[in-house]
Amino acid sequence: MYSEKVMEHFMNPRNVGEIENADGVGQVGNPKCGDIMKMYLKIEDGIIVDVKFKTFGCGSAIATSSMATEMIMGKTIDEALSLTNRAVADALDGLPPVKMHCSVLAEQAVKSAIYDYAQKNNLQFDGLEGFDPNEDHDHHHEEHED
Amino acid sequence: MYSEKVMEHFMNPRNVGEIENADGVGQVGNPKCGDIMKMYLKIEDGIIVDVKFKTFGCGSAIATSSMATEMIMGKTIDEALSLTNRAVADALDGLPPVKMHCSVLAEQAVKSAIYDYAQKNNLQFDGLEGFDPNEDHDHHHEEHED
Amino acid sequence: MKKRVYLDYSATTPMKQEVLNAMLPHFNVQFGNPSSIHCFGRENKAVIDQARQIIAKTINASADEVFFTGGGSESDNWAIKGVVSALKGKGKHIITSKIEHHAVLHTCEFLEKEGFEVTFVDVDEFGIVDLNQLQRSIRPDTILITIMYANNEIGTIQPIKEIGELAKKHNITFHVDAVQAYGNVRIDVQELKIDLLSLSAHKVYGPKGIGLLYIKKGTKIIQLIHGGAQEKRRRAGTENVPAIVGFGKAAELAYQDLEGHVKHLTFLRDKLINGLLEKIPYSRLNGHPTKRLPGNANISIEYIEGEALLLSLDMVGIACSSGSACTSGSLDPSHVLMAIGLSHEVAHGSLRFTIGDFTSEEDVDYVLKELPIIVERLRQMSPLYEKVKGGN
Amino acid sequence: MKKRVYLDYSATTPMKQEVLNAMLPHFNVQFGNPSSIHCFGRENKAVIDQARQIIAKTINASADEVFFTGGGSESDNWAIKGVVSALKGKGKHIITSKIEHHAVLHTCEFLEKEGFEVTFVDVDEFGIVDLNQLQRSIRPDTILITIMYANNEIGTIQPIKEIGELAKKHNITFHVDAVQAYGNVRIDVQELKIDLLSLSAHKVYGPKGIGLLYIKKGTKIIQLIHGGAQEKRRRAGTENVPAIVGFGKAAELAYQDLEGHVKHLTFLRDKLINGLLEKIPYSRLNGHPTKRLPGNANISIEYIEGEALLLSLDMVGIACSSGSACTSGSLDPSHVLMAIGLSHEVAHGSLRFTIGDFTSEEDVDYVLKELPIIVERLRQMSPLYEKVKGGN
Ligand SMILES: Cc1ncc(COP(=O)(O)O)c(C=O)c1O
Ligand SMILES: Cc1ncc(COP(=O)(O)O)c(C=O)c1O
């Protein structure tokens, strides 16, 4: 059901871990739905110089977290904010429809960590406009039984 | 579904045919139901000295006709009148439940031929009491579909 | 061993060796539940999707419009009950014909008891549905038309395209029982404007206990079997992997040389029909002379009862049926033969021979040799025959 | 070839060789339709009657009380819909439990939409139905109680005898889904006062696509599949001869040494449960410690999500499931695990290993070796785990 790329990132996830005294930390998802992503950023001169994640979730949650960290590493904050869930999913050669919410979660995790950084440093970013870290990113599970 | 005895009588029926100038002739059943039995008797001194039948019908209709003729051949009229459908069925090692009506028909065919003989000769037999040759011997088919 | 000649292909068919070979690994090696995530499951998910695609293609449907069931009867029940349940707010009238298979007929009769109204349209002497009557019986509250593609007893093929257009024009859901037609006729659900189509694998050299319902996208229908999420949540139950694989292979084989199959069967059928009518006096063909299934030869033999014929044929190793297989245990004359206007006694004396891919010309010759002897023997016993021949 | 360890016997089982051998002749040699009168038909009629007798005996029923269906889901749907349709004049209340299989649960939910009222009785922390609540929920218009014999996810065995007596006392029809219990428990429908019992062959080393409904003589029930006269006119459709024969053989094998089977499974199950609980911190057993199916080991592993566990196990060749097979494609935590009181996150992190006749001690040892490594790896990635271990 998963692409080889997803399985590869699931089995060998990049950037797992935490960053002590991170410049920005964001957590999204909730255990009720079975996915929580926590992302840590180290930011220097507007550049993401390090990123780590921890994820509680299914195979695609782990793979999208891993892929998202790879895609924003070394990027500017504005570049990172422009990362879409579609781009993460595409980079993984696609996700099954019922798992697309994992890529949404990954996008939100990145934004959430940058939001934390912005708050702490009193900064404003265009890419954060309308972003509410407390919004329930809860996806409605596609009901598999009827 | 049929006993060997039924199949044997079906394949090699005894006493098939007609008797010219028979002393009694009876016909029962109707083509709607798929069974007609016609029975011919030759009677001398109250004894059935010859009997023949013709049957349009299923395997068990032919087998019960055949068996019934064997069972009354050489018998007195009273003996013949005491022949029951059960006795015919038992002599054939039984019939499937849906086919029991064939044995009823055989019993009625015998009675009907004797009735004809009685009418022609103005005779009365205890065994014919209550017997109505014009009664519809139509069995209600066990409905096989619902 | 005793000679055995099987001429009852409309009752059921032997599985082709290729079908069995395709199924075998799925019984105890590649046996996983396709709903499982692990590899035992995933490998079978791919396999059933492949079978689904093969079958969908043979009827010009897309794979997500075909749903596996436990057989043709389940498909018919699901289609009919499912549609009328879904549309009961819209109307309560159903149109069908007098010669449908019992899976359709008895379902409709059941629905009558539940408050629906059913029109059973007549057929002509060849078994073709009366299109004028059908058209006239359409009402504003008609929610379903269900007509079989080809009849299982007399083999008559219906004008499905005309009926499909009529249904379309009046915006009525159209169900077709194609259990007997499949593998013998080219079926295009789009061209024929069919909304629902029932199939059964065991009539086309596939396994028993597996059927299919084609449901055109957008068709309103309620489930018959609720439960797990199988078949896109529309038909619950662990997928019958080996049977689905077998059905796929049977479908592939059936449509890979349809013309050759039809030609082979038609030749033997016509030889059998013509031979019997010629050799047996007081016999007639039932059904349409040309608009009929390539393997179906249904003849009435007057003055004899069908079961006696069947048993006698069985004694010489010939297997056929009188009426449809499921009613051959019944004593009532076939509803199909009555609908085409046969009298009770003639209906009782009818035989259905159905020819299939494994039938040889020798088999047909054997019947042509044996049946006239049997007929003569039974007629000599028949009180109805004596009148005709003047009592000889 | 990669090592493959199948521990998902509750999802489906491989067929036993004896079962396949019994079925094989019926695909293309002895393939006739049992409803046919000719010898191809008759020889198969005898064969299915024999299978019917074997299976009837294993549940202490008589052969004319068992009806073949297309699987466990159909049996459940037939039992429930059929009884409430037959008794709808008498009442509209149904009692079931919160942990039934979806074939029962979704059928009941469907019936709620149709105007019936359903009480879903709670279970305790071990998954045992609350008998007091069940008793209190009985109403004058209760027409059906449907409770499963053993749960497919956590393996808990219910007090069926007590429920049967309660149903009897109040004159309520009692249906039992014994799909998982069959072949693992001795079932006596008379002693347990069961009116209807659902079985499915593919859970006991028989073929997929064949099930059975026991209907106690005199039980009022309407047909689910109308049509031909098969199954004493109660379930239409050409009989699935090979599958019926296979079911018969599987039933015979299952009950020929039930004690040996139970002993083998229980030993391996306990070794697996004890080993996992010992080696994996923050893990717990779900279901009842002793009143459980001999092959079922369901454990929750905190701080990890089940699918990630499943995939990781699959990568080392171990096949198991999280929740029931038909819901393993679902994202929602299992309704059974929620009903026994697990929190969402713990429910998400649960695994079901089910052991069968072909499982070896080596297979269990392999899981005991691999799973702790996987758990540790995934926990290192989990943001929930860091809190527990103080962020190491
Ligand atoms: C308890 C229970 N009931 C019913 C079913 C449905 O059986 P089937 O898949 O044969 O339809 C299953 C298995 O899927 C089950 O475990
Ligand atoms: C026209 C037709 N419809 C439906 C059926 C039922 O199919 P099945 O026996 O697979 O349930 C049959 C055959 O029995 C048939 O000939």
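The values are calculated or read from the model by the stated rules, or taken from the named source; none is laboratory data. No experiment lies behind these values; they were computed from the predicted model shown. As a convention, Cβ positions derive from the backbone with ideal geometry for all residues, glycine included, and neighbour counts pool all protein chains shown.
Sort out which residues of the range C:139-185 are of a type in the set (S, T, N, Q), crowded, with 16+ Cβ neighbours inside 10 Å and in a loop (DSSP other than H, G, I, E, B), and write them in order of number. Talk me through it step by step, then tell me what you get.
First, the residues of the range C:139-185 that are of a type in the set (S, T, N, Q): C:142, C:146, C:151-152, C:156, C:158, C:171, C:173, C:180, C:184.
Narrowing the set further to residues that are crowded, with 16+ Cβ neighbours inside 10 Å leaves C:142, C:146, C:151-152, C:156, C:158, C:173, C:180, C:184.
Result: C:Asn151, C:Asn152, C:Gln158, C:Gln180, C:Asn184.
For the range D:212-227, check the following and say yes or no: at least one residue is part of a loop (DSSP other than H, G, I, E, B) and small (Gly, Ala, Ser). Let's see the steps before the verdict.
Taking the range D:212-227 and keeping what is part of a loop (DSSP other than H, G, I, E, B), we get D:216-227.
Now drop any that are not small (Gly, Ala, Ser), which leaves D:218, D:227.
Looking for residues that are part of a loop (DSSP other than H, G, I, E, B) and small (Gly, Ala, Ser), one finds at least one in the range D:212-227, hence yes.
Select from the range D:65-91 the residues that are crowded, with 18+ Cβ neighbours inside 10 Å and of a type in the set (D, E, K, R) and write down the one among them that is farthest from the other protein chains (Cβ to nearest Cβ).
D:Glu65
Return only the number of the condition from (1) buried (at least 21 other Cβ atoms within 10 Å of the Cβ); (2) on the phi < 0 side of the Ramachandran plot; (3) of a type outside the set (Val, Ile, Thr) that A:Asn30 does not satisfy.
So A:Asn30 meets the others, but not (1).
Quickly run through the range B:29-67 and pick out the residues that are charged (D, E, K, R) and either touching a residue at least 24 places away in the same chain (Cβ under 8 Å) or closer than 18 Å to B:Ser103 by Cβ (or both). Walk me through it before giving the result.
Within the range B:29-67, the first condition is being charged (D, E, K, R), and the residues that meet it are B:32, B:35, B:38, B:42, B:44-45, B:50, B:52, B:54.
Within the range B:29-67, B:Lys32, B:Asp35, B:Lys38, B:Asp50, B:Lys52, B:Lys54 qualify.
When the residues of the range C:190-220 are narrowed to those that are among the hydroxyl-bearing types (Ser, Thr, Tyr) and more than 9 Å from ligand 2 (Cβ to nearest atom), which ends up nearest to the chain's Cα centre (by Cα)?
Applying the first criterion (among the hydroxyl-bearing types (Ser, Thr, Tyr)) to the range C:190-220 yields C:198, C:200, C:205, C:214, C:219.
Applying the additional criterion that residues be more than 9 Å from ligand 2 (Cβ to nearest atom) yields C:205, C:214, C:219.
Working: C:Tyr205: 13, C:Tyr214: 15, C:Thr219: 23 Å.
Going through the qualifying residues, I end up with C:Tyr205.
Conditions tested, residue by residue: (1) modelled with pLDDT of 95 or more; (2) more than 9 Å from every other protein chain (Cβ to nearest Cβ); (3) more than 24 Å from D:Glu239 (Cβ to Cβ).
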residue	(1), (2), (3)
C:Asp8	yes, no, no
C:Met15	yes, no, no
C:Val19	yes, no, no
C:Gln30	yes, yes, yes
C:Gly41	no, no, yes
C:Ile48	yes, yes, no
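Can you go through C:Gln230, C:Gln190 and tell me which one is among the polar types (S, T, N, Q), within 14 Å of ligand 1 (Cβ to nearest atom) and either surrounded by fewer than 24 Cβ atoms within 10 Å (Cβ to Cβ) or outside the structural domain of C:Lys263 (by TED's automatic domain parsing) (or both)? So that I can check it myself, show each step before the final result.
Numbers: C:Gln190 fails: within 14 Å of ligand 1 (Cβ to nearest atom).
Within the list C:Gln230, C:Gln190, the selection yields C:Gln230.
Identify, from the list C:Ser62, C:Ser35, the residue that is touching a helix residue (DSSP H, G or I) at 6+ places or on another chain (Cβ under 8 Å) and crowded, with 17+ Cβ neighbours inside 10 Å.
Values: C:Ser62 fails: crowded, with 17+ Cβ neighbours inside 10 Å.
It is C:Ser35.
Within the group D:Ala243, D:Ala236, which residue is free of Cβ contacts under 8 Å to residues at least 60 places away in the same chain, crowded, with 24+ Cβ neighbours inside 10 Å and under 30 Å from C:His101 (Cα atoms)? Talk me through it step by step, then tell me what you get.
Values: D:Ala243 fails: free of Cβ contacts under 8 Å to residues at least 60 places away in the same chain.
Step by step, each of D:Ala243, D:Ala236 is checked, and only D:Ala236 is free of Cβ contacts under 8 Å to residues at least 60 places away in the same chain, crowded, with 24+ Cβ neighbours inside 10 Å and under 30 Å from C:His101 (Cα atoms).
Criterion first (at pLDDT below 95, in a loop (DSSP other than H, G, I, E, B) and closer than 26 Å to C:Asp130 by Cα) does C:Gly323 satisfy it?
Values: at pLDDT below 95: yes; in a loop (DSSP other than H, G, I, E, B): yes; closer than 26 Å to C:Asp130 by Cα: yes.
Answer is yes for this residue.
Mind checking which residues of the range A:22-70 are more than 23 Å from A:Asp132 (Cα to Cα), more than 9 Å from chain D (Cβ to nearest Cβ) and in a loop (DSSP other than H, G, I, E, B)?
A:Asp45
Out of the residues in the range D:92-138 meeting the condition of being outside any helix (DSSP H, G or I) and of a type in the set (S, T, N, Q), tell me which one is surrounded by the most Cβ atoms within 10 Å (Cβ to Cβ).
Of the residues in the range D:92-138, the ones outside any helix (DSSP H, G or I) are D:92-101, D:114-130, D:137-138.
Among the residues that remain, those that are also of a type in the set (S, T, N, Q) are: D:96-97, D:119, D:137.
On the way: D:Thr96: 24, D:Ser97: 27, D:Thr119: 18, D:Ser137: 15.
So the residue we want is D:Ser97.
If D:Asn298 satisfies all but one of (1) more than 16 Å from ligand 1 (Cβ to nearest atom); (2) within 20 Å of the chain's Cα centre (by Cα); (3) in a strand (DSSP E or B), what's the number of the condition it fails?
For D:Asn298, the exception is condition (1).
Would you mention how many residues in the range D:63-91 are assigned to a loop (DSSP other than H, G, I, E, B) and either in contact (Cβ under 8 Å) with a residue 24 or more places away in the chain or under 17 Å from the mean Cα position of the chain (by Cα) (or both)? Reasoning before the result, please.
First, pick out the residues of the range D:63-91 that are assigned to a loop (DSSP other than H, G, I, E, B): D:70-71, D:87-91.
Now restrict to residues that are either in contact (Cβ under 8 Å) with a residue 24 or more places away in the chain or under 17 Å from the mean Cα position of the chain (by Cα) (or both): D:70-71, D:87-88, D:90-91.
Total satisfying the criteria: 6.
Of the conditions (1) part of a helix (DSSP H, G or I); (2) within 16 Å of ligand 2 (Cβ to nearest atom); (3) of a type in the set (A, V, I, L, M, F, W, C), D:Phe31 satisfies every one except a single condition; which number is it?
D:Phe31 satisfies all of (1) part of a helix (DSSP H, G or I); (2) within 16 Å of ligand 2 (Cβ to nearest atom); (3) of a type in the set (A, V, I, L, M, F, W, C) except (1).
For D:Ala56, all conditions in the list (1) closer than 30 Å to D:Glu109 by Cβ; (2) of a type outside the set (Asp, Glu); (3) more than 8 Å from chain C (Cβ to nearest Cβ); (4) more than 16 Å from ligand 2 (Cβ to nearest atom) hold save one; what is the number of the exception?
Single failed check for D:Ala56: (1).
State which residue pairs qualify: first residue under 13 Å from A:Asp93 (Cβ atoms) and among the β-branched types (Val, Ile, Thr) and inside the range A:2-27, second residue at pLDDT below 95 and outside any loop (DSSP other than H, G, I, E, B) in any location, beta carbons under 7 Å apart, and separation of 6 or more residues or different chains.
Every condition considered, the pairs that remain are A:Val6/A:Gly59; A:Val6/A:Ser60.
For the range C:53-68, indicate whether the set of residues that are modelled with pLDDT of 95 or more, under 30 Å from D:Thr13 (Cβ atoms) and within 16 Å of ligand 1 (Cβ to nearest atom) is non-empty.
yes
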